[in-house]
Structures are given as C-alpha cells and as structure tokens.
Amino acid sequence: MIRAEPSICNYCGACVGMCPVNCIFLDETVIKINEDKCVKCGFCIRGCPMGAILADWWSK
Amino acid sequence: MKRYECDVLVIGAGPGGSMAARFAARHGLRVFLIEKRPEIGVPVRCAEGISRAWMEEVEIPVEKHWIDTEIDGAKIYSPDEKSIVVLSAEQAGNEVGFVLNREYFDKYLASLAAEEGAEIWLKSPAIDIIKEDGQVKGAIVRKFGENVEIHAKIVIAADGFESQVARWAGLNTVLRERDVVSCVQYRMTNIDIEENFTHFYIGSCAPGGYLWIFPKGENEANVGIGVALNKLHEPGEVKRYLDEFIEKHSNLRKGSVLQIVTGAVSTCPVPKRIVDNGIMLVGDAARLIDPITGGGIANACISGKYAGEVSAKCIDNPTKECLEEYQELVKKKWGRKHLRNWFVKEKLASLSDGTLNKLMDVISQVKIGEISVRAILEAVQEKYPELVEEFEDLL
C-alpha cells in the first residue's frame, strides 16, 4: 500500500516527475498512485520534499 | 465527446508554454494554451532568481511590476562560512539579475501570448494524448470537469518537471536518481540579510545541491534548499536540512515563514530525443535545466520561442523529421554546456566539506576579474598542493 498523505502533501508534482515508471498522476490537487505499476523503488518516498508519500512496505 | 480543432496545442501555461504559444500565434496559427490550475503563476514552485541578459532574445520587455528586487551579484559561502566568493552579475550567470515575482511574471507572459491571439483555458488538465499511427494528434482535456478532445497538428508539452505528456507520447524523460534534486523553500519575513545579493551555501548543509537566500525586499527572502535524490535516505529529509540551517543562523531563526514552496528540478544533460511525430517538449518538461544552478526559466522561455517558431515552419508537415530542427536548435544552445555542467555538478557533489573549504579559501582570495581556471589552479598549487590532483579534471 502506497499513498500520498493529503494532510502533508503540497501537491507540487515533484513525485510525478521523479517516478521512473510514470505511475503517479497529479490530478489538479490530488496525487494518485497506480499501485499496479509501482516498482517500489522508493524514489518518491525519499524525494518528496514534504515527506508526504507513505508506504507500508517502506523501510530504510 | 466534444471536439475542438486547433493548429498548436500547448499544454502548461508556465513561462515555456506561454512563450511557445506566443511565438506560434504570432505566425498566424490557431493556438490553444491550456493550464490545469485555476490561476496562472500560482502556486509558485521556484526560487525566482533570473539574469537579465537573455530577455531581449525572447522579446520580453522588462516590467517593474514583476520584479521584486534587483540584484548586483552573488555570494557563495564555503561550508565553514569562513570564505565567501563574490561574483558580479555578469560572472554569476543565470541566477542573478532579478528576483522575480512569479505570480505576476507568469501572468504577464501569458498575456503576451494572448495578445498574439492564443486562446487560454484554465482548469483544463490534459489527461491523455491522442495518438494515431504513431503521430500525436492532440489531447484529451478535462475542461471544467468535462472531458473534451482537442485535435491539433502539433502538441507542445510544457508541463514542467512532471513531464507526463512526454511519457504518454513515448518520449523518454525518465531521470536517474543522481539527476533529481528535491527542493523546499520558505518565503520568510522579518529576517536580516544583505539585500542586493543572492546568497548560496554549499557542502554538507545541502548534499548534491545547495542552499539559497534570494532577497525579496523589505526583510523578506526566499530561503530554500535543493538536495540530490541519491543523497536522501528517509522521508522528509530535505525539509529537515533546511530547518537545521535556519536554526543555526540567528538572522534567519528570528523570522517567520509566510509560504512553503516545494518542487524538484532535473540536473541532467540534454535528453537524446525531445521531439517526435506531432510533439515537441520545452522547458523543464524537456529537462532543459542548468545542471549546476538548477535555473530553468530562461531556458524554458528560449526553448518555448524555438518551438513556437518551428511549429509555424512545420505546420503542414508535423513529422519528427521536420520538428527535428527544434531539437537541433536546443542541442546547439545547451548540449555542450549542460554536459559540461553535469560533470562539474557530479564532481562538486563528491567533494568533502574540508576540500570545499580549502578550494573556496583559495578562490575567495583571487581578485575578481582575474578569476580564471589557470589562476585558481595556480593558487591551489601554491597553498594546498595536495589538492591539485583532486581538482585537475574539474578545473
């Protein structure tokens, strides 16, 4: 399970541009993540300027 | 689905998109400029520093209402902040000249596009492209909640760092981890800083990037940081680096934050392909950001102008062969420069604070105007001979 936490997200789209498999979409002010395409690289989790991307499988 | 027709569809009304729309419309083409947000220029995702030298090239008349401050030069601080290299505006290149008000600047550029006849739509995100037989022929756009088809002979993707339109079209703008820089900026008030200069801090305070203070006038400034993705290990780390820096500096610590700006930039060489049948990429969407400075506004405007003009030439034959002219213009302008700056960026990111302190100590004592590769190398040789080997390939 991976998602952008709306209470932290600044909807800047940084995660969209750094996703290597293009599975994140910024729908105006809502970040949508297509989990089926996600390869769990963690780029968006580490790279989100706000730290808003949360995943239950993430560990350092 | 409702259907619209135009010659050129520009996706994204930032500086690159507005300039592309403006120059395409100037040649009599029917141009749609679409923007997903409800307001052009908002939210700001930028440090707002630019030089002034390139504006004539793209015919942007300087207007006071979108300038917050005029800048005389840049100061670069060593990691221990004991050495400061001062660069005049001419030497410092892209990031000094003005500190913009992007909310006004972006609207001004869009109004230049509108003056030439471009039609602007807000609240209109592209949600997919229309592609037939390998040719991009428009986009599906959600205009105020209703999906519509916009058919266009040429699509210009100006959708910024997200660069989604490119990838829908099959163009590879995927970035390597080392070529992504994640940024957080506070617009701060009630702080003490030296106005008329932009300030840059390098080293372990901002691994693989730098920290900046750009004055906005009247004790306000953009205080921001960019850190390379390959130097980040846990969520929220970028913001913590910025908070730590502010905490350590009493002139900033006393201030308040008026706005949080976030985003990311690419720091890669120019991609191999930024055109295909019926589509061109401009600005950040084409990864045309300077790998050292992270500056992208000038490049977005210039590439937008190129794309607008090439659209006019290729409108009856919008194949990738014809649009190749745009790619060649971009490569000629930035190909070598961005490759060189990419190497320098990689080298700088690899240096320790100790080494940077020594290098900056030497450079700060070389007279301005006499700064050259040879002068720096000679000074390093004299003072820190053990470092020459480390810098030779860089210098």
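Every number here is computed from the coordinates shown, using simple stated rules; none is lab data. Every value quoted in this text rests on a predicted model; they were computed, and no experiment measured them. Quick reminder, even Gly has a Cβ in these numbers, built from the backbone with ideal geometry, and neighbours come from all protein chains shown.
The figures follow:
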{"item": "Per residue, the convex hull volume that the Cα atoms of chain B enclose (Å³)", "result": "137"}
{"item": "Global geometry of the protein assembly as shown, whether rounded, prolate or oblate, following the gyration tensor of its Cα atoms and the 1.5 cut on a/c", "result": "prolate"}
{"item": "Amide H partners (placed H, <5 Å) of B:GLY73, local residues excluded", "result": "B:THR198"}
{"item": "Max mean-square fluctuation residue, GNM over chain B, Cα-Cα springs under 10 Å, options B:PHE98, B:PHE245, B:PHE23", "result": "B:PHE245"}
{"item": "Residue among B:LEU329, B:LEU109, B:LEU171 with the largest mean-square fluctuation in a Gaussian network model of chain B, springs linking Cα atoms under 10 Å", "result": "B:LEU329"}
{"item": "Average partner coverage of A:16-27, which counts Cβ from other chains inside 10 Å", "result": "6"}
{"item": "Cysteines without a disulfide-compatible partner [chain B; Cβ-Cβ under 4.7 Å]", "result": "B:CYS6, B:CYS46, B:CYS183, B:CYS205, B:CYS268, B:CYS301"}
{"item": "Cβ-defined net charge surrounding B:ILE315, 14 Å radius [Lys, Arg +1; Asp, Glu -1]", "result": "0"}
{"item": "Entries in B:LYS239/B:LYS305; A:LYS37/B:LYS137; B:LYS107/B:LYS305; B:LYS131/B:LYS305 that, when Cα-Cα distance is taken, lie over 28 Å", "result": "B:LYS239/B:LYS305"}
{"item": "Under-5 Å amide H pairs with B:ILE129, H placed in peptide plane, nonlocal only", "result": "B:ILE140"}
{"item": "Test item: B:161-173 mean partner chain Cβ contacts at 10 Å", "result": "3"}
{"item": "Ranked list, fewest to most other Cβ atoms within 10 Å of each Cβ, for B:ILE202, B:ILE140", "result": "B:ILE140, B:ILE202"}
{"item": "Residue-averaged beta-carbon neighbours from other chains (10 angstrom radius) around B:255-265", "result": "3"}
{"item": "In order through the stretch B:25-39: 3J(HN,Hα) via Karplus (6.51 cos²θ - 1.76 cosθ + 1.60), integer Hz, x for Gly, Pro", "result": "5, 4, 8, x, 7, 7, 10, 9, 10, 10, 9, 6, 7, x, 8"}
{"item": "For chain B, share of DSSP beta bridges that run antiparallel, in % to the nearest 5", "result": "70"}
{"item": "Neighbourhood charge, 12 Å Cβ-Cβ cut-off, centred on A:LEU26 and excluding it, Lys, Arg +1 and Asp, Glu -1", "result": "0"}
{"item": "Rounded to whole Hz, the Karplus (6.51, -1.76, 1.60) HN-Hα couplings of the stretch B:237-242, x for glycine and proline", "result": "5, 4, 4, 5, 4, 5"}
{"item": "Integer Hz, Karplus 6.51/-1.76/1.60 couplings in order for the stretch B:182-189, x for Gly and Pro", "result": "9, 10, 10, 9, 9, 8, 10, 10"}
{"item": "Under-5 Å amide H pairs with B:ASN101, H placed in peptide plane, nonlocal only", "result": "B:ILE67, B:ASP68"}
{"item": "Considering only the protein assembly as shown, percent of DSSP beta bridges that pair antiparallel, nearest 5", "result": "70"}
{"item": "Global geometry of the stretch B:237-395, whether rounded, prolate or oblate, following the gyration tensor of its Cα atoms and the 1.5 cut on a/c", "result": "oblate"}
{"item": "The protein assembly as shown - charge dipole about Cα centre, Lys and Arg +1 at Cβ, Asp and Glu -1, debye rounded to 20", "result": "880"}
{"item": "Cross-link pairs beyond the 31 Å C-alpha cut-off, checked among B:LYS36/B:LYS216; B:LYS332/B:LYS383; B:LYS36/B:LYS313", "result": "B:LYS332/B:LYS383"}
